[in-house]
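Worksheet for the structure shown next.
The values are calculated or read from the model by the stated rules, or taken from the named source; none is laboratory data. If you're wondering where the values come from, they're calculated on a predicted model, not measured in any experiment. With ideal geometry, Cβ positions are generated from the backbone for all residues, glycine too; neighbour counts draw on all protein chains shown. For accessibility, only protein heavy atoms count, side chains too; no ligands or nucleic acids. Shrake-Rupley method; radii C 1.70, N 1.55, O 1.52, S 1.80 Å.
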Amino acid sequence: MTTTLITNIGSLVTNDPGLGAGPLGLITDAALVLDGGTVAWAGPAAQAPAADTATDAAGRAVVPGFVDSHSHLVFAGDRTAEFNARMSGQPYRAGGIRTTVAATRAASDAELSANVARYMWEALRQGTTTFETKSGYGLTVEDEARALRIAAEHTDEVTYLGAHIVPPDYADDPAGYVDLVTGPMLDACAPYARWVDVFCEKGAFDGDQARAILTAGQAKGLQARVHANQLSYGPGVQLAVELDAASADHCTHLTDADVDALAQGNTVATLLPGAEFSTRATWPDARRLIDAGVTVALSTDCNPGSSFTSSMSFCVALAVRDMLMTPDEALWSATAGGAAALRRTDVGRLSTGARADLVVLDAPSHVHLAYRPGVPLIAEVWRKGVRVV
């Protein structure tokens, strides 16, 4: 393996408090040594060991690659008209998903794969080096299985979301659709997925239905995650904690009992500010969660209906401005928090043994991600030790 020294780093976020200051493990005037696809050393530049090659960061900041633990990239079609209507005063409801379902079912495998590749490359250019993505726009056995097969060609973090909504063809038989999701559809989809998810929400699946879907997936070896408490109060968060789901995603409408359950359990609260921005909905109370000791992740929720952004930098800025997170907390949640939401220890940090995924910012500090919103600050992206942007 060839080793590479990245030196003259103005500030380095390691997310390892043992290496530097605070929870971010921040080191100024720092260096990194990469050994192939992993981090071999991190510390002050003056103490850096020799390496086969060297590159100068020119005083810029370096942060871990973003970990986007919630996206919906296997889709076709466009929902510009829905967005325009919503911005003209119509409320957001989950039913718009049906528009994307129709377009996705009609698309070819090649078209769907090209879409996934396009949006993952778009995200990679903006510093996202680990991607999760879901099915959920097929809602038939064949279409859900092909969505997951296509997703698995692009990422290891693949989620079975047959329980996105009850499709129109089962509108009069939601119990029959749950039987399909937990039976033949699960059998066809499980080989391609790591995770099972459910939209536990009014207008989608209630607590009993969600429990049946998640436990069936767990019995097939899939790990759970939950779309929980986005549009209203409900049982999703409590169910996620009870079933030891890796994450409860959205967490907009929470009771004190929900917050306490998250604080006492292993489930990460994944907040998706792009959805609130794009639907003019109530912002999740990140401050309440963090102050209670809950592990918080940030993610894009990239999807064609309610959050059509692939920019983690944008989500960091929203979290700081409108969810009352500090810049340090928002960056941690977009990196180490996302890794926790995927139960990964190899990404989201830049310390010895981590995967060499890093972002060089065209700025002296990570604070600029929130300080300069909308500005293209991603100067370089390294993934598995290779400079890809």
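Listed values, structure above:
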| read-out | value |
| --- | --- |
| Calculated P(r) of segment 220-355 - Cα pairs past 25 Å, % | 20 |
| Tail beyond 15 Å, pair distance distribution of segment 304-369 (Cα, percent) | 59 |
| Packing rank of 289-300, 214-225, where each peptide gets the mean count of other beta carbons within 10 Å, highest leading | 289-300, 214-225 |
| Residue-normalised accessible area of segment 222-377, expressed per residue, 1.4 Å probe, Å² | 33 |
| The chain - percent of accessible surface contributed by carbon and sulfur, probe 1.4 Å | 51 |
| Amide H partners (placed H, <5 Å) of Ala297, local residues excluded | Ala269, Thr270, Leu271 |
| Alpha-carbon Rg/Rh ratio, for segment 1-130, with Rh computed the Kirkwood way | 1.19 |
| Angle in degrees between helix 207-219 and the longest Cα principal axis of the chain, rounded to the nearest 10 | 60 |
| Point-to-point label distance, Arg372-Glu111, nm (Cα→Cβ direction, 7 Å offset) | 4.0 |
| Prolate/oblate/rounded call for segment 69-218, Cα gyration tensor, a/c under 1.5 rounded | oblate |
| FRET efficiency, 1/(1 + (r/R0)^6) with R0 30 Å, evaluated for Tyr233 and Thr345 via beta carbons | 0.35 |
| Gain in span if fully extended, Asp291 to Glu122, counting 0.36 nm per residue against the direct Cα distance | 57.5 nm |
| Spacing of the two label points (7 Å from each Cα toward its C-beta) at Asp78 and Asp362, in nm | 2.8 |
| Gln218-Thr140 FRET efficiency (beta carbon distance; Förster radius 22 Å; 0.05 resolution) | 0.45 |
| Distance from segment 147-175 to segment 192-233 (C-alpha centre basis), Å | 11 |
| Helix-only CD estimate at 222 nm, as mean residue ellipticity for the chain, using -39500 (n - 2.57) per DSSP H run (n ≥ 4) | -9000 deg cm²/dmol |
| Relative contact order for segment 56-149, counting Cα pairs under 8 Å that sit 6 or more residues apart, in percent | 45 |
| Residue among Ala50, Ala190, Ala61 with the largest mean-square fluctuation in a Gaussian network model of the chain, springs linking Cα atoms under 10 Å | Ala50 |
| Mean Cβ count within 10 Å, highest first, over the residues of peptides 350-363, 27-40, 77-90 | 350-363, 27-40, 77-90 |
| Å² of accessible area per residue within segment 76-143, as computed with a 1.4 Å probe and no ligands counted | 44 |
